[in-house]
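Only one structure is covered here, and it is reproduced in the block below.
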2 protein chains.
Amino acid sequence: MRYSRLFGRTSKTVPSDADSRNARLLVQAGYVDQLMSGVYTYLPLGLRSLNRIKQVVREEMEAIGGQEILMPALTPREPWATTGRWNDPGPEVMFRLKGRGDKDLVLGWTHEEIVTPLVKRFIRSYKDLPVAVYQVQDKFRNEPRAKSGLLRGREFSMKDLYSFHRNQEDLDEFYERAKTAYLNVYRRCGLDAIVTEASGGAFSEYSHEYQVLTENGEDIIYYCPKCQYAQNREISGYRAGDACPKCGEAMGEGKAIEVGNIFRLGTRFTDPFGVTYSDETGKQQPVVMGCYGIGPSRVMGAIVEIHSDDRGIIWPKQVAPYPVQLVLVPSKDGEEAVRLRETAEKLASGLAAVGLEPLYDDREDVRAGEKFADADLIGLPVRLVVSPKSLGAGGVEWKLRSGSDTEIVPIDAVPDRVSDFYNLT
Amino acid sequence: MRYSRLFGRTSKTVPSDADSRNARLLVQAGYVDQLMSGVYTYLPLGLRSLNRIKQVVREEMEAIGGQEILMPALTPREPWATTGRWNDPGPEVMFRLKGRGDKDLVLGWTHEEIVTPLVKRFIRSYKDLPVAVYQVQDKFRNEPRAKSGLLRGREFSMKDLYSFHRNQEDLDEFYERAKTAYLNVYRRCGLDAIVTEASGGAFSEYSHEYQVLTENGEDIIYYCPKCQYAQNREISGYRAGDACPKCGEAMGEGKAIEVGNIFRLGTRFTDPFGVTYSDETGKQQPVVMGCYGIGPSRVMGAIVEIHSDDRGIIWPKQVAPYPVQLVLVPSKDGEEAVRLRETAEKLASGLAAVGLEPLYDDREDVRAGEKFADADLIGLPVRLVVSPKSLGAGGVEWKLRSGSDTEIVPIDAVPDRVSDFYNLT
């Protein structure tokens, strides 16, 4: 993609309404645009990163047997009344609206009330269980204070998986597999998530949150630096310095961002909708349920909070919008300018041909220094510079966004080098 | 995918609320589930087809230079007030709701009011034009009567592209390219769409609709069977039998489904938001705009209306959820049953290995006749049957959903044969 044609540009101006590091960097680097508090448009760069995160999430959900569906955002009142959530939490969380015929509607902020009756239609006997379905969809929550950029939005992307089981044991077994799948998601997205015990509600002692330590986090957790045991302060009796109950190490206290959570719901939702199955003896038994949420947009915000410096974003490999920023240094010398451009164009096509299309800064009227600043702000993992100096030294300058070393790589060796860096070979 | 594990099943019961052929078949075949009038959940099969349609649309939009973004569904009142659409069409079309602080919000039913101010931020001079951005997103319209399954929903998927130009000539040039891209989309989705003149609004003589002839269509068009010139009855002075103004042939009248439309908007939206650019002389000039819509969910409904028979759906190749339905015929003879299953499993893995994962009907407790009926209902282009008879004849039975001939294909030749059928080699 030629930067000169890319929709969305970097900006030197710090947005006046940016309330967090991720909001500031994502807006300034041209990834997102704020429409109103807690509501963002994804520009081409931002949508590419968001889609890569969603793809990682999908792959890990498929790996544990999740089947993707897509439920509506527009939902009728009735199922919320059935579970009691029409009034509790009610409008504190829900966006309510009216349809034709004065019909009460709710914008989906979670989908237990929709998925449970749906799954009921397809469950008859124990042979139909377990089943796990998920969706990746935009959700709506009437947050009292939307804040922190992509971390707490009123409209945000969510992957919500729901699993249905014949008994607690089967749920527990799946729950453990989901735990691992979640850790895989975060690892692949460049986040060190800590599985943290949180309030379990009526049906289990604990639910589990995935927390990422950062000074900008909204939550406070107590965690063991040795064995990673952790509890959210909201439920914890521990304090910093207490001995870890698992390994005895002194526990730490830290601010953290919650990037996902999983719950054992038991029969909280299957009971009100009467979801049962017939067991091997033909007897009706209650179906038990779990739910598992990750917000891809929040994950994107968390990545930027953690992987960034004063100059901009530093994308982890798997979620960068493009693998390479290719910078053409303009020259005032006409003949040299032609040679530089020809080299850069050839390199851009060579990379695209092996599935590594670069973000190619082809602008003629922008100084090299400004291009380097933009590359740092945008934060792709690899920067390649085609300049009079690099050509003189026999190639293109290679530099990682995460480091400061540069080296010259011969033009023809670049595609393999990038491929190796991304472990594609 | 093993049918025994697939979420969503065929049903023999005709849904009581199915108001159209597409709703009936898509519900009975297990592609979608109706949550309420005009609002559907996509089950795994349905989501796969919908995603294939979206992918075709994306490829054709990228081919004409469209850049994908994602705008919010939740929008504030202000930009709608700016263009006058807060009250006209107002609540007849818009879902309005209230956010925190009694703030008026609108669910996006189209996005001119959002994209125009957004694009304004990135346009300074003629060098920034033209620019074309699009999104694929769920839209919301408070339809008086939602009906006809996926054809007229209250929540539905939409691809909306918006183009911005320095003058009418440049818009016209892009508009013609968009026309071709649209015809490519329909052709690839198996639809013969007719470019049909419709009301152009204030800024051009005509807009253009893409109409597909079918007895179940809501629109009526006059069209030339020879040169394909057509007008929507809403604006047409023609009647059936009139001479075509382009070629003289007698024009026909037909019911049709509108599957897309494109408009020259001129400065209808750029004027109220003050979107201008500086030309080569530094003078500010108005930006002119076009918009281009295709509803992937409506396209899906139209495909089913047209490509189906009494037994079920007949998917065009490019949009089928799986390339092949592989049917294992169960046997009461234990030894034979093992041999059949081993053959089918081997075939399923062989196809998956070359990127042609089948929908594999592995059920043991379902008769062959019922499996064939399900295959016809689900409608994948190719049906492969592993039965005692086929093995006796030296292979697997090959049959196209669109025909009635069967033939025996040796097991090892199947992946190449399927590959050839899909032109993948």
HN-Hα J in Hz across the stretch A:14-21 - Karplus 6.51, -1.76, 1.60, θ = phi - 60°, x for Gly and Pro: 6, x, 5, 9, 6, 9, 6, 4
Across the identical copies, how the B:E59 labels are spaced - nm, sorted shortest first, 7 Å along Cα→Cβ: 2.2
Modelled label reach - B:D333, point 7 Å along Cα→Cβ, the stretch B:365-391 residues with backbone N closer than 14 Å: B:387-391
Peptide A:32-42 - average C-beta neighbours from other chains (10 Å radius): 6
Order of B:S297, B:S199 - criterion: other Cβ atoms within 10 Å of each residue's Cβ, fewest first: B:S199, B:S297
DSSP beta bridge pairing in chain B, given as percent antiparallel to the nearest 5: 85 percent
Helix A:44-63 vs. chain A, principal-axis angle (Cα, 0 to 90°, nearest 10): 50 degrees
Residue and distance (whole Å) for the chain A Cβ nearest the axis that superposes A on B: A:L97, 2
Size of the stretch A:322-421 as Cα extents on the principal axes (Å, biggest first): 35, 27, 22
Net charge dipole size for the stretch A:322-421 [Lys, Arg +1 and Asp, Glu -1 on Cβ; Debye, nearest 20]: 140 debye
Taking A:R188, B:R5 and counting other C-beta atoms within 10 Å, the order from fewest to most: B:R5, A:R188
Listed residues B:M300, B:M251, B:M61, most fluctuating in chain B (Gaussian network, C-alpha, under 10 Å): B:M251
Stokes-Einstein translational diffusion, chain B - Kirkwood Rh over all Cα pairs, 0.890 mPa s, 25 °C, in µm²/s: 103 µm²/s
Calculated FRET value between B:K103 and A:S199, using beta carbons and R₀ = 25 Å, to 0.05: 0.20
A:K246-A:E169 FRET efficiency (beta carbon distance; Förster radius 30 Å; 0.05 resolution): 0.80
Distance (nanometres) between label positions extended 7 Å along Cα→Cβ at B:N184 and B:K226: 3.1 nm
Label spacing, shortest first and in nm, from A:R417 to its equivalents in the remaining copies (7 angstrom along Cα→Cβ): 5.1
Under 5 Å, built H, 5+ apart or other chain: amide partners of B:L35: B:Y40, B:T41
Order by protection proxy (mean Cβ within 10 Å, highest first), peptides B:326-334, B:262-270: B:262-270, B:326-334
Cβ-Cβ FRET estimate between A:E218 and A:D17, R0 fixed at 25 Å, reported to 0.05: 0.85
Relative exposure of A:K283, B:K179, A:K371, B:K226, judged by other C-beta atoms within 10 Å (fewest first): A:K283, B:K226, B:K179, A:K371
Volume in Å³ per residue [convex hull over Cα atoms, computed for the stretch B:251-410]: 221 Å³
Cα-Cα over 24 Å, subset of A:K54/A:K139; A:K103/A:K147; B:K98/B:K159; A:K159/B:K159; B:K98/B:K139: A:K103/A:K147; B:K98/B:K159
Shielding by partners - mean other protein chain Cβ count within 10 Å, residues of A:109-118: 1
Distance between the stretch B:155-195 and the stretch A:177-206 - C-alpha centres, whole angstrom: 45 Å
Using θ = phi - 60° and Karplus 6.51 cos²θ - 1.76 cosθ + 1.60, couplings along the stretch B:318-329 (whole Hz; Gly, Pro as x): 6, 10, 5, x, 9, x, 9, 9, 9, 10, 8, 7
Beta bridges by DSSP in the stretch A:322-421, antiparallel share as percent, to the nearest 5: 50 percent
Kirkwood Rh and Cα Rg combined as Rg/Rh, the protein assembly as shown: 0.97
Relative contact order (percent, whole number), the stretch B:322-421, Cα cutoff 8 Å, 6+ residue spacing: 31 percent
Whole-number D in µm² s⁻¹ for the stretch B:168-320, Kirkwood Cα-pair radius fed into Stokes-Einstein, 20 °C, 1.002 mPa s: 125 µm²/s
Rounded Å value of the spacing that divides the Cα centres of the stretch A:69-139 and the stretch A:279-343: 30 Å
Potential lengthening between B:E342 and B:Y126 on full extension [0.36 nm per residue; Cα-Cα distance subtracted]: 71.2 nm
Cα centre as origin, Lys/Arg/Asp/Glu Cβ charges: the protein assembly as shown dipole, Debye: 860 debye
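Values quoted throughout were computed directly from the atomic coordinates according to the rules given, and no laboratory measurement underlies them. Remember, predicted model here, so these are calculated numbers, not experimental data. Note that each Cβ is placed from the backbone with ideal geometry, even for glycine, and that neighbours are counted across all protein chains shown.
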